Amino acid sequence: MISQRISQVSPSITLAISAKAKEMKKQGLDVIGFGAGEPDFDTPQHIKEACIKALENGITKYTPASGTVELKEAVREKFLKDNGLEYSIKEIIICCGAKHALYNAIQVLCSEGDEVLLPSPYWVSYIEQIRLAGAQPVVVRTTPETDFKVIPEILEEQITPRTKLLILNSPSNPTGSVYSQEELEDVAAIALRHNFFIISDEIYEKILYDGLCHVSIAALSADIKKKTIVINGLSKSYSMTGWRIGYAAGHEGIIKAMSNLQSHSTSNPTSFAQTGAVAALTGPQEVVGEMVREFARRRDHLIKRLGTIAPISCTRPQGAFYAFPSIRKVLGRRAMNDSMSFCDALLEKEKVAVVPGEAFGHDDHIRLSYATSIEHIDRGLDRIARFIEGLS
Ligand SMILES: *Cc1c(COP(=O)(O)O)cnc(C)c1O
């Protein structure tokens with residue numbers, strides 16, 4: 001009944017855990033969740049007000065399929081100001097979330113049989129979006145030893161004449177790793193030498209710690225800019241996940257093809273949400289800093305506490321709001337042989353919901369989101385510590 005193309009899409013393995021956690025909560029059980037993939041703050045008031053005003057002023061009709069000129073202009077200025085990147089309006093498209101921008105970009109770049117380099121741990125949707133385009137994901141494994149960043153020589157070994165694209169995500173979901181400018185320069189040099197494209201997912205660019213500054217790989221040279229599609233959005237920086245506004249910038253021909261595809265699928269992103277997005281990008285930015293300071297406090301707390309749970313080891317996230325600890329040393333105990341059975345048992349026994357690393361291609365890890373209060377982090381970590389103690 002269902003097409004072959006769609007049948008091969010894996011159901012989200014994270015869904016099983018979160019469904020079970022929800023069910024337990026509904027039964028009145030005290031479940032602590034570390035699964036959140038979105039900030040736990042509300043959208044700032046001035047952004048909401050701009051949207052309400054747009055509704056009242058009748059901004060309720062179709063806009064150009066690729067987004068309003070006003071929002072593209074705000075995005076153009078954002079690239080210039082934040083990333084030192086100069087794009088024209090024709091090199092920018094507004095989509096229904098960054099996820100949609102990624103989908104469009106992968107669809108227009110990949111042909112049947114093309115290979116896409118995908119460093120792991122990877123964000124779940126990349127691999128399915130690659131397959132949906134008929135392309136072949138080529139997973140490039142990274143390890144905690146390199147802070148989950150690709151080693152140029154190993155990346156280069158995976159390149160074939162069919163390599164079309166590399167997907168880069170810095171700061172990373174799920175590891176919180178951030179590539180330095182030097183590391184990006186190495187990757188850019190390889191892309192130029194072998195002539196493939198880069199999709200750079202920079203959705204967490206504003207959520208950075210330890211005084212780090214975001215560098216977009218597209219900003220390294222005019223040559224690499226031509227080969228890069230930058231993906232970004234409002235969801236994470238401004239707590240606007242439900243608004244569904246994302247965007248992409250790149251070569252005019254690619255953006256035009258993405259607009260064409262979008263015009264026959266979703267048409268424009270919601271008109272009044274686009275007005276809200278203009279307010280977010282052009283309005284006061286202090287709200288972002290306040291959120292990041294709070295995330296930093298939670299990260300410090302979470303990492304310090306994880307450090308006291310002996311068999312678990314974790315790299316120090318430098319961006320986003322996730323930690324990706326290794327559970328390798330406890331696997332094998334009590335017939336728990338993979339991340340899914342670990343997460344299942346943890347939820348069952350201690351009522352703590354975390355995301356199995358399997359979802360990101362690393363079955364000996366789990367992902368903890370710290371988009372939750374310090375109090376929750378403390379209570380959850382007490383339980384995780386007790387759970388692990390009980391395994392020995
Ligand atoms: C949240 C997220 C996105 C998608 O964001 P939307 O704009 O809400 O679609 C894209 N990439 C990564 C890595 C994410 O974590």
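Listing for the model above:
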| read-out | value |
| --- | --- |
| Mean separation of Cα contacts under 8 Å (6+ apart) over length of segment 1-146, as relative contact order % | 18 percent |
| Mean accessible surface per residue for the chain, computed with a 1.4 Å probe while every protein chain stays in place, in Å² | 43 Å² |
| Estimated 222 nm signal from helices in the chain, with DSSP H stretches of n ≥ 4 weighted -39500 (n - 2.57), rounded to 500 | -13000 deg cm²/dmol |
| Sequence ranges 277-283, 265-271, ranked by mean other-Cβ count within 10 angstrom, highest first | 277-283, 265-271 |
| Amide hydrogen neighbours beyond the local backbone of residue 265, cut-off 5 Å, H modeled | none |
| Longest to shortest principal axis, alpha-carbon extents of segment 192-334, angstrom | 53, 42, 35 |
| Karplus-derived HN-Hα couplings along segment 284-291 (A = 6.51, B = -1.76, C = 1.60, θ = phi - 60°), whole Hz, x at Gly and Pro | x, 9, 4, 4, 5, x, 4, 5 |
| Karplus-derived HN-Hα couplings along segment 104-112 (A = 6.51, B = -1.76, C = 1.60, θ = phi - 60°), whole Hz, x at Gly and Pro | 4, 5, 5, 4, 7, 8, 9, 9, 3 |
| Interatomic Cα distance distribution for segment 250-322, bins of 10 angstrom, percent | 15, 23, 23, 23, 15, 2 |
| Kirkwood-Stokes translational diffusion coefficient of segment 50-124, alpha-carbon pairs, 20 °C, 1.002 mPa s, µm²/s | 141 µm²/s |
| Descending principal axes extents, segment 332-378, alpha-carbon based, whole Å | 31, 24, 12 |
| For the chain, the longest site-free run once trypsin sites (Lys or Arg not before Pro) in DSSP loop states with at most 14 other Cβ atoms within 10 Å are removed | 163-392 |
| Amide H contacts under 5 Å for residue 233, placed H, 5+ residues apart | 247 |
| Principal axis dimensions, largest first and in whole angstrom, of the chain by Cα | 60, 53, 52 |
| Cα convex hull of segment 281-392 - mean projected area over all directions, nm² | 7.5 nm² |
| Assigned charges on the beta-carbon of Lys, Arg, Asp, Glu; segment 3-154 dipole about Cα centre (debye) | 480 debye |
| In sequence order, calculated HN-Hα J values of segment 233-241 (Karplus, 6.51, -1.76, 1.60; Hz; x Gly/Pro) | x, 9, 3, 8, 5, 10, 6, 10, 4 |
| Relative contact order %, the chain, counting alpha carbon pairs below 8 Å whose residues are six or more apart | 24 percent |
| Cα shape, segment 9-49, gyration tensor, a/c 1.5 rule | oblate |
| Portion, in percent, of the accessible area of the chain that falls on carbon or sulfur, probe 1.4 Å | 52 percent |
| Within the chain, percent of DSSP bridges classed antiparallel, to nearest 5 | 45 percent |
| Dipole of segment 1-105, positive end: most advanced residue of 98, 17, 88 [Cβ charges, Cα centre] | 17 |
| Total charge dipole magnitude, segment 239-303, about the Cα centre, Cβ charges on Lys, Arg, Asp, Glu only, Debye to nearest 20 | 160 debye |
| Two-decimal Rg/Rh across segment 164-211, once Rg and the Kirkwood Rh are taken from alpha-carbon atoms | 1.01 |
| Loop-located chymotrypsin sites (Phe, Trp or Tyr not before Pro) in segment 21-80, at most 14 other Cβ atoms within 10 Å (DSSP) | 41, 62 |
| Gyration tensor verdict on segment 121-177 (Cα atoms; rounded if a/c is under 1.5, prolate if a/b is larger than b/c, oblate otherwise) | oblate |
| Dipole in debye (nearest 20) - segment 124-265, about Cα centre, beta carbon charges: Lys, Arg +1; Asp, Glu -1 | 720 debye |
| Interchain or long-range residues, amide H under 5 Å from residue 142's placed H | 120 |
| Farthest positive-ward along the chain dipole, Cα basis, beta-carbon charges - from 263, 191, 283 | 263 |
| DSSP-assigned coil residues among chymotrypsin sites (Phe, Trp or Tyr not before Pro) in segment 85-141, each with at most 12 further Cβ atoms within 10 Å | none |
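The values are calculated or read from the model by the stated rules, or taken from the named source; none is laboratory data. All values reported here derive from a predicted model rather than from experimental measurement. Cβ atoms come from the backbone with ideal geometry, glycine included; neighbour counts cover every protein chain shown. Calculation scope for accessible area: heavy atoms of the full protein, side chains included, ligands and nucleic acids excluded. Shrake-Rupley method; radii C 1.70, N 1.55, O 1.52, S 1.80 Å.
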